[in-house]
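Written below as structure tokens is the structure these notes are about.
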Amino acid sequence: MTTGHRVGELAEATGLTVRTLHYYEQIGLLTPSGRSPAGHRIYDAADEERLYRVGLLRRLGMDLAEVRRALDDPAWDPTTALEAHLAALDARLDATARLRSKVAGALAAGGTDLVAVLDELTTLEPPAQQRILLLVYADVGAAQAWLVKRFGLLPGDLVRDGDGRAVHGEVHAGDGVIWLHPEQDAYRLASPGTVGATTASVAVLVDDVDAHHRRSVDAGVDVCQEPVDQDYGYRVYSAYDLEGHLWSFLRAVD
């Protein structure tokens, strides 16, 4: 007899959606330990414990790529991660304290123009919250699969329209996300393969430049620059992806 929870049961018990659990499986974060005779996913106690740890790490502010490293990489350093999270919390507390001071001052002033107060408050926090790089591809689905297989990036969402065409894709590189966007004439968005020129370049920090380079060579990637130590303090190699975007993989030289 198969024991454990089916995906719907686990979703209901944890408050997550079935789609989220399927996505965790897709990116290798949580793989069900078994299947029922009918082929349904079955999550055992160890899977549930791992999911609990995923939730804890997410509440620390980690993205999914970092969570996966925390759970699977023996070299992952919790001290470094916690120090970074503490710094982010301190910055947030400082911004909150400044915001409180402004609000208290506005109340004490009495009769201050509300628009002027709100305008001043908005300057406490920068409007930009996160940078998201966008690359344009003629075939978003093929691009995502290629980047995951050849460069070892983590897959994110892949959204298709009613005709099955991929209209949005994502890959994760370290703590950053890269959006994959289809060509669109209205906004003059075109793939390098269409225009015949490199239109964007991406730099990704990796643990071992030479090992990553060997992986790319073995996968048949078009490497245009072999690993080399640059004067600006990084060891770098560069390669083109399937549609001609230029990627550089680098690490600071000790």
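Every read-out reported here was derived from the displayed coordinates using simple, explicitly stated rules and does not represent laboratory data. The shown structure was predicted, so the numbers you read here are calculated from the model rather than taken from an experiment. Here Cβ is always computed from backbone atoms with ideal geometry, including for glycine, and neighbour counts include all displayed protein chains.
Using equal-weight Cα scatterers in the Debye expression, the normalised intensity of the chain in log10 at q = 0.08, 0.10 Å⁻¹ is -0.48, -0.72. Taking amide H as placed 1.01 Å from N in the peptide plane, Ala203 has its amide H under 5 Å from the amide H of Ser248, each at least 5 places away in sequence or on another chain. Sorting His181, His212 from the fewest to the most surrounding beta carbons within 10 angstrom yields His181, His212.
Using the alpha-carbon centroid of each, what span in Å lies between segment 1-76 and segment 166-233? Segment 1-76 and segment 166-233 have Cα centres spaced 30 Å from each other. Pairs of alpha-carbon atoms within less than 8 angstrom and 6+ residues apart define the contacts here; what relative contact order does the chain have, in percent? Over the chain, the number comes to 12 percent. Go through Ala173, Val136, Val204 and say which Cα lies farthest out towards the positive end of the charge dipole of segment 123-254; charges sit on Cβ, +1 for Lys and Arg, -1 for Asp and Glu. Checked the options; the winner is Val136.
Working note: Karplus 6.51/-1.76/1.60 with θ = phi - 60° gives segment 12-25 the couplings 5, 5, 9, x, 7, 9, 4, 4, 5, 5, 5, 5, 4, 5 Hz, where Gly and Pro are set to x.
Mind listing which chymotrypsin sites (Phe, Trp or Tyr not before Pro) in segment 41-99 are in a DSSP loop and have 16 or fewer other Cβ atoms within 10 Å?
Qualifying residues, ordered by number: Trp76.
Taking the Cα centre as origin and putting +1 on Lys and Arg beta-carbons and -1 on Asp and Glu beta-carbons, what dipole magnitude results for the chain, to the nearest 20 debye?
For the chain, the charge dipole is close to 540 debye.
Using Cβ point charges alone (K and R +1, D and E -1), the dipole size of segment 5-72 about the Cα centre works out to roughly 120 debye.
Within the chain, what percent of beta bridges assigned by DSSP are antiparallel, to the nearest 5? The antiparallel proportion sits near 75 percent. Footprinting exposure proxy ranking of Glu170, Glu12, fewest other C-beta atoms within 10 angstrom first, gives Glu12, Glu170. Residue-wise HN-Hα couplings along segment 27-40, as the Karplus relation 6.51 cos²θ - 1.76 cosθ + 1.60 with θ = phi - 60° gives them from phi, are 8, x, 7, 8, 9, x, 6, x, 9, 6, x, 8, x, 6 Hz; Gly and Pro carry x.
Can you check what the net charge comes to around Gly156, using other residues whose Cβ is under 11 Å from the Cβ of Gly156 (Lys, Arg +1; Asp, Glu -1)?
On the way: positive: none; negative: Asp63, Asp157, Glu170.
Computed value for this residue: -3.
Proximity of backbone amide H atoms, modeled 1.01 Å from N, is registered between Asp139 and no other residue at under 5 Å, excluding neighbours fewer than 5 places apart on the same chain.
Projecting the Cα positions of Gly34, Thr17, Val67 onto the charge dipole of segment 9-77 (unit charges on Cβ atoms of Lys, Arg, Asp and Glu, taken about the Cα centre) puts Thr17 furthest along the positive direction.
Comparing mean-square fluctuations of Val67, Val209, Val228 from a GNM of the chain with C-alpha springs under 10 Å, the top value falls on Val228.
Coupling constants for segment 215-229 follow from the phi torsions by the Karplus curve (6.51 cos²θ - 1.76 cosθ + 1.60, θ = phi - 60°), and in residue order they are 4, 5, 4, 4, 8, x, 6, 7, 7, 9, 9, 5, x, 8, 7 Hz; glycine and proline get x.
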